[in-house]
Amino acid sequence: MTDTEKLNDAIREAGIKLDAILKATGIKSYATLKGRINNETEFTASEISAIADLCRLTPAQRDEIFFAACAE
């Protein structure tokens, strides 16, 4: 499960626009991206990798954001 708050914070802190995430991940629409951010659907491994690269996340930060439920 994605930690929506931490992901939004990471995107904001990195100064990334949603357009850049769409382009990097290959996600086709804002609605699909928002659904993934809000845990309506899951990110794929390649999408997680692309977002982590864009936001310059460490592996620990990536895991805290995208695998939040796994840590509990």
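FYI, it's all coordinate maths here, none of it is from the lab. This is a predicted model, so every value here is computed, not measured. Ideal geometry is used to build each Cβ from the backbone, glycine not excepted, and the neighbour counts take in all protein chains shown.
Tabulated data
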{"read-out": "Residue (of I51, A69, N39) at the positive-pole extreme of the chain, dipole from beta-carbon charges", "value": "I51"}
{"read-out": "Helix-only [θ]222 nm of the chain, DSSP H runs n ≥ 4, -39500 (n - 2.57) each, per residue, nearest 500", "value": "-18500 deg cm²/dmol"}
{"read-out": "Protection-proxy order for peptides 47-53, 24-30, 2-8, each taking the mean of Cβ atoms within 10 Å per residue, highest first", "value": "47-53, 2-8, 24-30"}
{"read-out": "Charge dipole magnitude, Cβ of K and R +1, D and E -1 - the chain, Cα centre, debye nearest 20", "value": "360 debye"}
{"read-out": "Sparse-neighbourhood loop sites, trypsin sites (Lys or Arg not before Pro) in the stretch 32-72 - DSSP loop, at most 15 other Cβ within 10 angstrom", "value": "R56"}
{"read-out": "Extension gain, M1 back to K23 (0.36 nm per residue minus Cα-Cα distance, nm)", "value": "5.7 nm"}
